[in-house]
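Bear in mind these aren't lab numbers, they're just calculated from the coordinates by the rules spelled out. Since we're looking at a predicted model, the values are computed, not measured. Because the Cβ atoms are built from the backbone with ideal geometry, glycine has one as well, and the counts that use them run over all protein chains shown.
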Amino acid sequence: MNIELRHLRYFIAVAEELHFGRAAQRLALSQPPLSQQIQQLEQQIGARLLARTNRSVRLTPAGAQFLVSARQILQNVAVAADKAARLHRGEEGTLRIGFTSSAPFISAVSDALFSFRQRYPDVHLQMQEINTRQQLAPLHEGRLDLGVMRNTPLPDTLEHRLLLREPLCAVVHCAHRLAGRGSVSLRELAAEPFVFFDPQVGTALYSETLTLLERYAVRPNIAQEVGEAMTILGLVATGLGVSILPASFRRARLEQLSWLTLQEEDALSEVWLVWQKQGEISAATQHMLSLMLRNDDL
C-alpha cells in the first residue's frame, strides 16, 4: 500500500465539495488528474469511497469512515510537525538544570529563570539542586543540559562561561563583637569557632575557602560541619560560630546575621555556567544561556 498525504488531501477536498470540478479548483488542479488520484486511492485501499454519477458525487459508507480517519491523520501530522518545529526552536521540551544552593540568590540566575518562564512557558524546567562536583558526571553523561556551579576543575568534555565573580564575606551573629564592623580581615577570624561545610559533601566552596585561608596562613577552628549553606546560616544565626560565604547569600535576609566585607582583595568566588562541549546544544539551552549572560548572540 502506497498512500501519500496528498491522496488524503485530494480525497478530503472531493468529499467536502462532493463535486470534482469544485474540488479541483480548490486544489489548483485540473479535474482529470484529480479523478485519477482518487481512483488510485480506491485501488490502494481496495474499497469504493465515492459513488459517482454524471450528476452527483456522494460518499459510500466506506468513504464516510475513511473521511474521518483521513482528517485525523492530517491533523496528527500537522500537530507532530508543529511540535517538532517548536522543539527545534526551543519553545517546547525539557531543560534540565543543575544548580548549587547559592544559585537562587544570584540575580542573574533568578532573573533569567523568571524571563525564561515568561518567554517559553511550554518548556518544562527540571531543576536539580546539587553541589558543584556532583554536577560534573550528569553533565558529562548528558543527564543535565546546563549547570550553575562554583569554579572547579572541569573535564575536557565540558565547556564553561563565567556568570559572575562575587566577593566572599564573613557572616557573624548580629550580637557578635565584630558585628558593628564594616569589614574584617581573615586573621581576625582565626580564633573564632567556624560553622562550615562537611568535607565529605564535596562542595567547591569548601575547597575554595580553605585555599583562601591557607593563603593567609589562617587555620580555621571548625566547630560545626554541615552539608548545606542555608544550614550554615541558620547555625550562625543561633550564635554557634562564624562563617565565610559568597555575598549572594545576603539575599536570604536573616535578621540575626551581620555580613562583613573581607579586606583581602582576592577573597572572591566565581560562578560558572557549564554544559557539554561535544554535540549540539539544544535551542532551549541556548535561550537560557543568552538570558543568564544577557547575550543574544549565543
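Just a few scattered comments:
- Average Cα contact separation per residue, the chain, under 8 Å, 6 or more apart, as relative contact order %: 22
- For the chain, a crude dipole built from +1 on the beta carbon of Lys and Arg and -1 on the beta carbon of Asp and Glu, taken about the Cα centre, is about 1580 debye to the nearest 20.
- Summary of packing: across the peptides 25-31, 219-225, the per-residue average of other C-beta atoms within 10 Å ranks them, highest first, as 219-225, 25-31.
- Highest average packing first - 169-177, 111-119, 244-252, Cβ atoms within 10 Å: 244-252, 169-177, 111-119
- Ordering CYS174, ILE45, THR231 by the projection of their Cα atoms onto the charge dipole of the chain, which places +1 on the Cβ of Lys and Arg and -1 on the Cβ of Asp and Glu, puts ILE45 at the extreme positive end.
- Share antiparallel - DSSP beta bridges, the chain, percent rounded to 5: 60
- The convex hull defined by the C-alpha atoms of the chain has an orientation-averaged projected area of 22.8 nm².
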